[in-house]
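Notes follow the structure.
The values are calculated or read from the model by the stated rules, or taken from the named source; none is laboratory data. In this text, all values refer to a predicted model and were calculated from it rather than measured experimentally. Don't worry about glycine lacking a Cβ; one is built from the backbone with ideal geometry, like all the others, and counts go over all protein chains shown. Accessible surface is based on the protein model in full, side chains and every heavy atom, while ligands, DNA and RNA are left aside. Shrake-Rupley method; radii C 1.70, N 1.55, O 1.52, S 1.80 Å.
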Amino acid sequence: MRNLRISTWQLGLAALVALTSFNLFWHLQQAERSGYYAQVAVSMAQSWHNFFYGAADPMGFLSLDKIPGSFWLPALMVKLIGFHNAAVVAPNGIATVIAVVLIAYSGRTIGGDLVGLLAGFLFSTTPIIDAVARSNEPESAFLLSMSMAALFLSLALTRESRLFLILTGLAIALGFQQYMIEAWAIWPAVALAWWFGIATRPWLTKLMDLAISGAVSLGVSLAWIITVWLTPAGSRPYIGNTLHNSPWEMVFGYNALGRFGNSGKMAGLHSGAVSFKTFTPPFSGHASLIRLFDHQVIGQISWLIPATIVAIVYLWLRHKNPATVLAFGIWFASFAAMFSAVSGMHQYYTATLAIPMALIVAQAAVQMVRNNHRGWLASLALVSGGVALLALKLNPGYLRWFPPVQMILAAALVALWLLRRRFTRIKTGLLVCVVALALGITPAAWSIDAKNHPSFVNPMAGPPDSYTSKLAHHSSSSGALTGHDKNDQTFSKPKISHAKVLDWLKTRPHGGILLAAFGADATAPYVILQAQNLLPIGGFNGADPVPTLDGFRALVKKREVNYVLLNHFIGDEPAYANWESARIKRWVLQNCHKNEHPPQRVTLYYCYSK
């Protein structure tokens, strides 16, 4: 029998997959999930119509405020195995493990086995990636698409292949179905690397390559928007968080231009004839040149930023793989600039920045070892250790022993440099392992500890953020989803048993809609319990005009709606008094009867029209 030999690459990749999987799936039942996004997965699983249009409620009144690509896999999981935590959270972990493998293969394509394994390690130990992978927030699927783009781009540039360039465009288009224009932000890197990094192809051929790949990518990117736009409004859900029920407005207004003009608020942005809603998450500090080193962000993604800059300079001076250095260097610079400029963001938006950083740093570090460039290697380790110490200063006491250990490892590399020890006396693989720890031991510790700080409001690694904790407490007090019972159903901290509320409603006279409530967070616990005939008035946060006051009164008149839940309502502030949901609430208070003996202390009004 032929002896089977396991290569370093195979063994290293298997270890990388095993360790990443263990970290992401261990005690997954303790992971917290967003009630709203769980409701979306359940709602999309009800029908293929809901699935395609991204319905945010089972009856298909409203859609998500984004293209629903990130939720297609969770919806399929719910459809196949029913609803429980694994159905909506595990897809993120699965996507992340696959992304780690793709990044490792990208690194291997660029610089060989050690580059691939080091890139996979650096990527897998990025704290925010692991934190969001243990949630159901719509980031990990996008990260998978961008990892596919990185692999195809690496193959396109190293093989000078038009086919792989087209596949890169398709991967970007897949990412567009998840995070919209953020995916397109890769195109400058792709185009400039292909144009300036490929010297053997005539300029006309390169122009044709980019034109074909760009056209394919653009067409696939816009396919969902165009299909929804051509669908009559009455035959699909209302497009969430838009003023004009338009998918174009949702993608290029609310989720694009609207993210750069307003911080932490919901508002209307007016510029001449242009009008759309804006919203920016109130996390990650204020836009600035040093935003990525803010205390809310630095421990999530920023560990390798200085090292990446050092690595780019080194590789450029060495003229090593100029096309891939150009590609991932521009990717890094454009995304760093975008995340520094956006008005507000969840920390997990920055996760894609880890892709170019891991690939650039891994390539440079292995080259430094192989070429005995000890000074460069020491610089790479020292700047990474410096970020670790800064993160410790901004998060006092958190995992405080790891930054000093990381600096000790960096000091060891400095000593090798000063003592003029040749790296050739040390096995290359062993030294790369030491370099990996000198670059990533502290972020690895943050990544492992991320499971101890779950958050359904704003997943992040490191010590709990006081603002996030405050939002989580507010959400749980108003009916959002937090802890789990033995049946893995999620209930709110005030101990309202939503199942008992449903049972009570089903025994009372009601129309086609069992319960109307203000905002999708209020209906989420009931949707998860498989109640399908619910009306989330105003959509995600009460801002959408669905239904209008006249439409709601018509539903009451036709006895389609009887019971209205008033426990939860976003928009009581005077600034939102003209929202349709606020007008409906005032009408309910004036024209409906409060139930004096409601189940589970919920606030229910009974509406009846003779």
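Contact order normalised by length for region 500-550, with contacts defined as Cα pairs under 8 Å and 6 or more residues apart; what percent is it?
33 percent
Might you tell me the accessible area per residue for region 20-99, computed with a 1.4 Å probe and given in Å²?
Value returned for region 20-99: 32 Å² of accessible area per residue.
Report D for region 497-610 in µm² per second (integer): Stokes-Einstein, Kirkwood Rh on Cα pairs, 4 °C, 1.567 mPa s.
93 µm²/s
Which log10 I(q)/I(0) values, to two decimals, does region 281-377 give at q = 0.16 Å⁻¹ under the Debye formula with one point per Cα?
Taken in order of the listed q values, log10 I(q)/I(0) reads -0.66.
Can you send over the solvent-accessible area of H27, 1.4 Å probe, protein chains only, in Å² to the nearest 10?
The value for H27 is about 70 Å².
Out of these labelled values of volume of the Cα convex hull per residue in Å³, [x] 145; [y] 186; [z] 173, which was calculated from the coordinates shown here?
[z]
Taking 22 Å as the cut-off for C-alpha to C-alpha distance, list the pairs among K277/K558; K66/K277; K557/K594 that go past it.
Correct reply: K277/K558.
Quick one, can you get me the convex hull of the C-alpha atoms of region 311-452 expressed as volume per residue in Å³?
Per-residue hull volume (Cα only) is 121 Å³.
Convex hull volume of the Cα atoms in region 10-126, per residue, in Å³?
In region 10-126, the Cα convex hull volume per residue is 121 Å³.
Could you work out the Kirkwood radius for region 508-554, taking every pair of different alpha carbons, averaging 1/r and inverting it, reported in Å?
11.0 Å
So if I average 1/r over every pair of distinct C-alpha atoms in region 283-332 and take the inverse, what Kirkwood radius in Å does that give?
12.2 Å
Could you compute the longest span of the chain free of GluC sites (Glu not before Pro) located in DSSP loops and having at most 16 other Cβ atoms within 10 Å, not counting the site residues?
By the stated rule (loop sites, at most 16 other Cβ atoms within 10 Å), 1-559.
Please compute the contact order of the chain in relative form: average sequence separation of alpha-carbon pairs under 8 Å and at least six residues apart, divided by the residue count, as a percent.
Relative CO of the chain lands at 15 percent.
At 1.4 Å probe size, with every protein chain present, just tell me what the per residue accessible area of region 202-261 comes to in Å².
44 Å²
Counting Lys and Arg as +1 and Asp and Glu as -1, what is the net charge of the other residues whose Cβ lies under 14 Å from the Cβ of L143?
Taking every other residue near L143 into account, the sum is -3.
Choose one of T168, L439, V228: the residue whose Cα lies farthest towards the positive end of the charge dipole of the chain (beta-carbon charges +1 Lys, Arg; -1 Asp, Glu; about the Cα centre).
L439
Using θ = phi - 60° and the Karplus curve 6.51 cos²θ - 1.76 cosθ + 1.60, what whole-Hz ³J(HN,Hα) does each residue of region 330-337 get, with Gly and Pro shown as x?
Once rounded to whole Hz, the list reads 5, 4, 4, 5, 5, 6, 4, 5.
Bin width 10 Å, origin at 0, all Cα-Cα pairs of region 359-423: what percent of pairs per bin?
With a bin width of 10 Å, the distribution comes to 23, 44, 26, 8.
Give me the extension gain from I181 to H49: residue separation times 0.36 nm, minus the current Cα-Cα distance, reported in nm with one decimal.
45.1 nm
For helix 72-81, report the angle its Cα long axis makes with the longest principal axis of the Cα atoms of the chain; keep it between 0 and 90° and round to the nearest 10°.
Computed tilt is about 70 degrees.
Would you please give the FRET efficiency between F22 and I408, computed as 1/(1 + (r/R0)^6) with r the Cβ-Cβ distance and R0 = 30 Å, to the nearest 0.05?
Once the sixth-power term is evaluated, E becomes 0.65.
Rounded to the nearest 5, what % of DSSP beta bridges with both residues in the chain are antiparallel?
Of the beta bridges lying entirely in the chain, close to 60 percent run antiparallel.
Can you give me the % of accessible surface on the chain that is carbon or sulfur? Probe 1.4 Å, all protein chains present, nothing else counted.
Roughly 64 percent of what the probe reaches on the chain is carbon or sulfur.
Give me the extension gain from T548 to H593: residue separation times 0.36 nm, minus the current Cα-Cα distance, reported in nm with one decimal.
My answer for the length gained is 14.1 nm.
Just the number please: accessible area per residue for region 318-382, 1.4 Å probe, all protein chains included, in Å².
Averaged over the residues of region 318-382, the accessible area is 24 Å².
From Cα pairs below 8 angstrom and at least 6 apart in sequence, can you work out the relative contact order of region 260-404, rounded to a whole percent?
28 percent
Please compute, over every Cα-Cα pair in region 103-232, the percentage with a separation greater than 22 angstrom.
43 percent
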